[in-house]
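Following: one structure in structure tokens, then a few remarks.
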Amino acid sequence: MKKLLRTCVIVAASLGLVITGAPGAAAASTSFDVTRLSATNIVVKDGNCQRTTVTMAHTKRGIGSWDVDTDIRRAGSWKASAYFYSNGNTRTNRVMICPSLDGLGRYRMGPSDIYASARNWRDRDVVRTDKTSGSFYVRAHAKGAVSSSRNGQRVTLNISAQRYSLNHGRYRNYSPQATVQVRTNSGWRTVSTVNLASGRTNVVLNQRNARTYRVVVPATNTTTGFTRTVTR
């Protein structure tokens, strides 16, 4: 209901139906702008709902009390709102997301509905929608392991991966693409790129001396990444 009333006020203001301040008051004497929206990413390790901290930065001039209502959407569908106001949450708001209902992936923040009262009664209130946007990610947790064995100059790396499944309520085999690298004097050098099948794969390398290897699985929009290191 609050959001519906806010929308009506903004529409009325855009049509010139909201009369604020004295006739001829300069619009430039008041302003309120959202300058940045950010939030912490969420990592899903169980089926529980989680909260993320949404931060809103803003600039204002000639404003007394104010409040801001920021939409949070995924794939264009509204999921939650973050509320900020002059007498309370001026910069941060804790917002609850339920991944089992709301889904995994990129969440977009914005636009934001603003209602800001002028400090001087002769000036105009600010009633508008700010299009500043930001985003955060809700990702399923992925974990992996790498073990190794040697037979002469032949080194075998055994790689496995799992990620939390919201559908099954537990960790399941995960088959991403992985990069295998070896440590050199100048840094890490890629020696192989492999695709896991049913959450597993083996990589065979020819190396006479003991070396340190690492397996890198990058994050995606819906799943976290991980890095595992082994020396053989």
Handout entry: So I114, is it in contact with a helix residue (DSSP H, G or I) (Cβ under 9 Å, 6 or more places away or on another chain) and of a type outside the set (F, W, Y)
Key = yes
Exercise for the section: State whether one or more residues within the stretch 185-195 are in contact with a Phe, Trp or Tyr (Cβ under 7 Å, 6 or more places away or on another chain) and either part of a strand (DSSP E or B) or modelled with pLDDT of 95 or more (or both). Expected result: no
Problem - Verdict on N120 being outside the structural domain of T220 (by TED's automatic domain parsing), surrounded by fewer than 16 Cβ atoms within 10 Å (Cβ to Cβ) and either assigned to a loop (DSSP other than H, G, I, E, B) or touching a helix residue (DSSP H, G or I) at 6+ places or on another chain (Cβ under 8 Å) (or both) - result: yes
Handout entry: Answer residue from the stretch 143-165, given it is surrounded by 15 or more Cβ atoms within 10 Å (Cβ to Cβ) and hydrophobic (A, V, I, L, M, F, W, C) and is farthest from the chain's Cα centre (by Cα) among those
Key = V155
Handout entry: Identity of the residue in the stretch 181-220, over 15 Å from R154 (Cβ atoms) and among the aliphatic types (A, V, I, L, M), that ends up surrounded by the fewest Cβ atoms within 10 Å (Cβ to Cβ)
Key = A197
Problem - Meets criteria (at pLDDT 95 or above, among the aromatic types (F, W, Y), over 25 Å from Y107 (Cα atoms) and not assigned by TED's automatic domain parsing to the domain that holds I97) for Y164 - result: no
Problem - the stretch 171-193, residues that are polar (S, T, N, Q) and in contact with a Ser or Thr (Cβ under 9 Å, 6 or more places away or on another chain) - result: N173, S175, Q177, T179, Q181, T190, S192, T193
Exercise for the section: Quickly run through the stretch 47-69 and pick out the residues that are under 15 Å from G88 (Cβ atoms), crowded, with 18+ Cβ neighbours inside 10 Å and more than 23 Å from the chain's Cα centre (by Cα). Expected result: W66, D67
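The values are calculated or read from the model by the stated rules, or taken from the named source; none is laboratory data. If you're wondering where the values come from, they're calculated on a predicted model, not measured in any experiment. So basically every Cβ, Gly included, is an ideal-geometry build from the backbone, and we count neighbours across all protein chains shown.
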